[in-house]
Every structure is written in C-alpha cells, then in structure tokens.
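The structure under discussion appears below in the form of structure tokens.
The values are calculated or read from the model by the stated rules, or taken from the named source; none is laboratory data. Every value quoted in this text rests on a predicted model; they were computed, and no experiment measured them. Neighbour counts are summed over all protein chains in view; Cβ atoms, including those assigned to glycine, are modelled from backbone coordinates with ideal geometry.
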Amino acid sequence: MKYKPEQNFINGKWQDTASGKYLDVVSPLDGNVLSKVSMSDAKDLQDAVDAAKNAFQSWSNTPVKERVQVFYKYKTLLERDLDLLTALCSEENGKTLSEARAEVEKSIELTEFACSIPQLITGELLEVSRGIECRTEHVPLGIVASIVPFNFPSMVPNWTIPNAIALGNCMILKPSEKVPLSAGKLADLLKEAGLPDGVFNIVNGGVDIVEAICDHPEIQAVSFVGSTKIAKVVYQRATSNYKRCLALGGAKNHLMVLPDALPDMTAQNVAASMSGCAGQRCMAASAMVGVGNVDAIINKIVEEAKKIVPGKNLGAVINKQSQERIEHYIDEAEKQGAKILLDGRKAVVSGKEKGTYVGPTVIDHVTPEMSVAREEIFGPVISIMRAKNVDEALKIENANPYGNAASVFTQNGAMARYIIDKASAGMIGVNVGVPVPREPFSFGGWNDSKFGVGDITGKSSIEFWTKLKKTTVKWNAEAGVNWMS
C-alpha cells in the first residue's frame, strides 16, 4: 500500500474504528491498492457526535469574524499543497491531473466565498415603531453532517465544510469509501489552520453510517450528494427524523444544438462536457438533441471526441462495476437500433491493463424511450436524439425526470431566451457545455436532481446551515402601550 490506512478523524485525532474492519482503496488508474479505509459502526459515529457536541458551545460563541480566520489560513494551505492534493485526487478517483488540479482550485474558490460570510450575514435592523426595534440574525444549527460522493473527492466536501463551519456549526463528514484519502488530507489542513478539535470530524464507512447519520437525534441537518435513488432514501429518512436535509441526486443533462450553432465551438464544448471527469459528474452532457439538420456539427463532435484518449487526456471510471455498467448501456443501445459513431468499449491503457477505462462514445439516432436517453450513465457517453424544431426538443428535455442542467448552442439570442424560459432545469447554459455557476452563485438543480429547499453552495447555503432569530426590543417607556406590548 502506498498510503497508511485511513482512520476516522474524531476530536482532532486519528483513531481506529471500533469494529476493526477495513476496506481496500483501489486506484482506478491501474488497479493497485492505495490504502485501506475504516468501516465504522454506530459507536464511531457517537464518538464523533460527542466530540462535536463538546466543541459546539465554544465554536458557535466565537464571533464570525474570528471563525473565518481559520478559513483564510485553510485557503493558503490548500494553495501550498495544491500539487499534493491534485496527485491524491487523481490516484484515488482516476481523474487526469489537469481535472484533479481544477477540482482543488475550485475548492480554493469555495473557501474564498466562506471568508466573505461575515459580510453576508450582517442581519437587519429597523425601527418598526417609535422606540421599538426589530433585528434578525443567523444562528448556527448545532451538529450537522455532510455525506459526499466519489466523483469529486476534494470539491464536494468543500461545498459544505467551509460554509457550514464558518457559520458556527460543528460538522461530521462521511466521505465515499471509494475515495477517502483526499478528505483525510483536508482534515489535516483544517487542524493545521487552527480549527479547534471537535469542530470537524470524519467518520468513514458505508451504508450503515449513512443510516446512522440520518437517524441520530443530535444531528440537526444532513447534506447528501449522490445518485437520485439514494438521495430520495436519505431525504426521506432524514426528514422523517425531523432533520433538515438537502439531497442532490443524479442528472440527465440535455444539450440542444441548433443549426446556426458555431460548429467548431459547439463540437469542442460538447465533446469536453460529455467526457470531462470520464463523464462521472452530474453536470456532464449525457444527451444531445439535434434540432433540424445538424449532421455537420455531429461529424465535428465525433472528430473532437476522437482526440480524447484514455490514459492520456481521459481518466478512468471509478471501478470495474462502473465500467461494465457503462458498456452494458452501449451494448443495449446498439441492439435497439442506435448507431455507434464512436465506440469506447474495451478500452485498455498500455502499462495499466488493470485500470478501468471507457473511451469516449458517441451514439446517434437514439430515441427518447431508450435507456441511454432516459437514465444516468455516468460515463463518457453522449446519446444523440433528433428533433424537427425547438419545441419538440424542449418536449424531449422536459420529459426527463431530472432537472440539473440544460444548454443550448445557437447564435440566435431570442431563441436562446425562449429555451432559457422553457427548459425545466435549475442551471442553464447558452453555448456552454457545463453550466456550473461560480461563487457567489449557488449550485443546485430541480425536479429529481434535488430534494430539499435551497442550494448547497453560495448565498443560498446560508439559509440551510443556519436558523433565523428575530428580536424585538423596546427601551423607550414613552412609546406607551400598544398591540406590540
């Protein structure tokens, strides 16, 4: 093993799981075992809750201007260790180094936003009547939990860690057991940045810990990122235990390509969107709807996709099971009559034969009822459907149950505005393949891509991680007695 076993991080210290059980952490790049990760039980979670509970009073009473000083320092440490974090992310997830570096750089941006929180939660004060004032202030919830997926080992934890903690909460992070190493490094950096012990804790494990988090009476809020199937379960279980929950699920993002789209720009953006992070991101272009005659643009998309080579500028998918599932979707589409314009099945990288790779795959003449058109593939595969006009394209897009993102490629501003207004998705792009908002704008989809109120990043996240206290004060006896008395 290249790295030491990944333990739980509780009350500022690394400790073994009570069960003594560990699971191998395997690199998708070459199939080598990188480390082992602890598989925790309810006792480990209780230790983390106790640590967070002990830390909460002091941390929540620390002025917010002082709390964010930790994150100024944390940001400089992320910058200092950028190369190390990049390599770690690539090894455990399978991303290319450039993709892993971009993920860590996004973590830095997310931390920058958290440093601005004192300016965003100043509250309001108004003299509502002679001698009577009303005031609002954001108050932390207490102990909160964040359950994060394998596809962004650094970025997604940083969607929640800086904001939730800067706002005065104490957090328990449950990383994906497939990629626990980046989260462990983040814990070390937070401690080095001066975060008090117990404010941030990591409990590794599988489904048992997810269920225990949802059920624990002292955990006030849960955020989750993963598949829609599991997001629904987590949301239902957490809210049935009277917790706040924001659960982000999967996606089937549609790119609508109109005949007037710029061919080169469109092809480059579509190919990059469908293959970036090996297609393992909820903002990937998974479906394309060609409106009218766009054959020339599709040909260019295939040309661009051919430049994306596994092991060179295309990373691995997370494991063998994912590789087999993705290839099964391609097999099924071919049997159902779709045309494979570019086939990424059976990809092998020389010298890394045990790695799990799928090459870029372009499937044309897909019909809306096919599984490749309806279901989240989570691989470097794009399914192309055809529509006679924009309204037919929108009908296809809006019929899918997800609602994370949609994009249109056109040079017609009025048509772009029409699609922006009509598309049922929380994040819309115009001539952009991956329409992810940047801070301070928040990330979050609609429909079956999100369960809960608000978004997980940006200004919207403040409402999720705090509760609003309203105070009415009267010091002026001359104000007399009225209905407010």
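The rows are residues; the columns are (1) in the same structural domain as residue 371 (by TED's automatic domain parsing); (2) more than 26 Å from residue 423 (Cα to Cα); (3) in a loop (DSSP other than H, G, I, E, B); (4) out of contact with any helix residue (DSSP H, G or I) (no Cβ under 6 Å at 6 or more places or on another chain).
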| residue | (1), (2), (3), (4) |
| --- | --- |
| 236 | no, yes, no, yes |
| 242 | no, yes, yes, yes |
| 266 | yes, no, no, no |
| 275 | yes, no, no, yes |
| 293 | yes, no, yes, yes |
| 301 | yes, no, no, no |
| 322 | yes, yes, no, yes |
| 328 | yes, yes, no, yes |
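In segment 354-378, which residue that is assigned to a loop (DSSP other than H, G, I, E, B) and of a type in the set (Asp, Glu) is surrounded by the most Cβ atoms within 10 Å (Cβ to Cβ)? Quick ask: steps written out before the conclusion?
Here is the first cut: in segment 354-378, the ones assigned to a loop (DSSP other than H, G, I, E, B) are 354-360, 365-370, 375-378.
Now narrow it down to the ones that are of a type in the set (Asp, Glu): 369, 375-376.
Values: 369: 8, 375: 16, 376: 22.
Only one residue fits best here, namely 376.
Go through 424, 407 for me and flag whichever is closer than 28 Å to residue 455 by Cα, modelled with pLDDT of 95 or more, in contact with a helix residue (DSSP H, G or I) (Cβ under 6 Å, 6 or more places away or on another chain) and not β-branched (Val, Ile, Thr). Can you show your working first?
Values: 407 fails: in contact with a helix residue (DSSP H, G or I) (Cβ under 6 Å, 6 or more places away or on another chain).
Sole residue among the options that is closer than 28 Å to residue 455 by Cα, modelled with pLDDT of 95 or more, in contact with a helix residue (DSSP H, G or I) (Cβ under 6 Å, 6 or more places away or on another chain) and not β-branched (Val, Ile, Thr): 424.
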Exercise. Might you check whether a residue that is within 20 Å of residue 235 (Cβ to Cβ) and in contact with a Gly (Cβ under 7 Å, 6 or more places away or on another chain) occurs anywhere in segment 119-137?
Key: no
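Taking helices (runs of 4 or more DSSP H) that do not extend beyond segment 1-100, which have at least 3 residues that are within 28 Å of residue 359 (Cα to Cα)? Full working, then the answer.
Working: elements: 42-60, 64-80, 82-93.
Those helices (runs of 4 or more DSSP H) span 82-93.
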Practice problem: Exactly one condition in (1) surrounded by 22 or more Cβ atoms within 10 Å (Cβ to Cβ); (2) within 27 Å of residue 166 (Cβ to Cβ) is not met by residue 94; state its number. | Solution: (2)
Quiz item: Which pairs have Cβ atoms under 8 Å, sit 6 or more apart or on different chains, and link a residue in segment 421-434 that is under 17 Å from residue 263 (Cα atoms) to one that is part of a loop (DSSP other than H, G, I, E, B) and of a type in the set (Ser, Thr, Tyr)?
Solution: 430/410; 431/410
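Just need a number here: residues in segment 446-472 that are touching a Cys at 6+ places or on another chain (Cβ under 8 Å) and either at pLDDT 95 or above or of a type in the set (A, V, I, L, M, F, W, C) (or both).
Looking only at segment 446-472, we keep the residues that are touching a Cys at 6+ places or on another chain (Cβ under 8 Å), and these are 449, 451-452, 470-472.
Going one step further and asking which of them are either at pLDDT 95 or above or of a type in the set (A, V, I, L, M, F, W, C) (or both), we end up with 449, 451-452, 470-471.
Qualifying residue count for the region: 5.
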Self-check item: Candidates 50, 44, filtered to the one that is assigned by TED's automatic domain parsing to the domain that holds residue 91, under 26 Å from the mean Cα position of the chain (by Cα) and charged (D, E, K, R)
Solution: 44
Quiz item: Mind checking which pairs have a first residue in segment 76-89 that is at negative phi and buried (at least 22 other Cβ atoms within 10 Å of the Cβ) and a second that is basic (Lys, Arg) and not in a helix (DSSP H, G or I), Cβ under 8 Å, 6 or more apart or different chains?
Solution: 89/95
Quiz item: Can you spot a residue in segment 8-26 that is in contact (Cβ under 8 Å) with a residue 40 or more places away in the chain, assigned by TED's automatic domain parsing to the domain that holds residue 165 and surrounded by fewer than 14 Cβ atoms within 10 Å (Cβ to Cβ)?
Solution: yes
Quiz item: Based on what the data block shows, is residue 225 under 20 Å from residue 59 (Cβ atoms) and either touching a helix residue (DSSP H, G or I) at 6+ places or on another chain (Cβ under 9 Å) or not aromatic (Phe, Trp, Tyr) (or both)?
Solution: no
Quiz prompt | Selection count where residues are crowded, with 24+ Cβ neighbours inside 10 Å, of a type in the set (D, E, K, R) and part of a strand (DSSP E or B), scope segment 380-409 | solution = 0
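Kindly check whether there is at least one residue in segment 467-485 that is crowded, with 16+ Cβ neighbours inside 10 Å and farther than 16 Å from residue 273 by Cβ.
First, pick out the residues of segment 467-485 that are crowded, with 16+ Cβ neighbours inside 10 Å: none.
Within segment 467-485, not a single residue is crowded, with 16+ Cβ neighbours inside 10 Å and farther than 16 Å from residue 273 by Cβ.
Based on what the data block shows, is residue 181 within 22 Å of residue 462 (Cβ to Cβ) and modelled with pLDDT of 95 or more?
Values: within 22 Å of residue 462 (Cβ to Cβ): no; modelled with pLDDT of 95 or more: yes.
Criteria not met by residue 181.
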Quiz prompt | Single residue of 34, 45, 23 found to be more than 18 Å from residue 173 (Cβ to Cβ) and among the hydrophobic types (A, V, I, L, M, F, W, C) | solution = 34
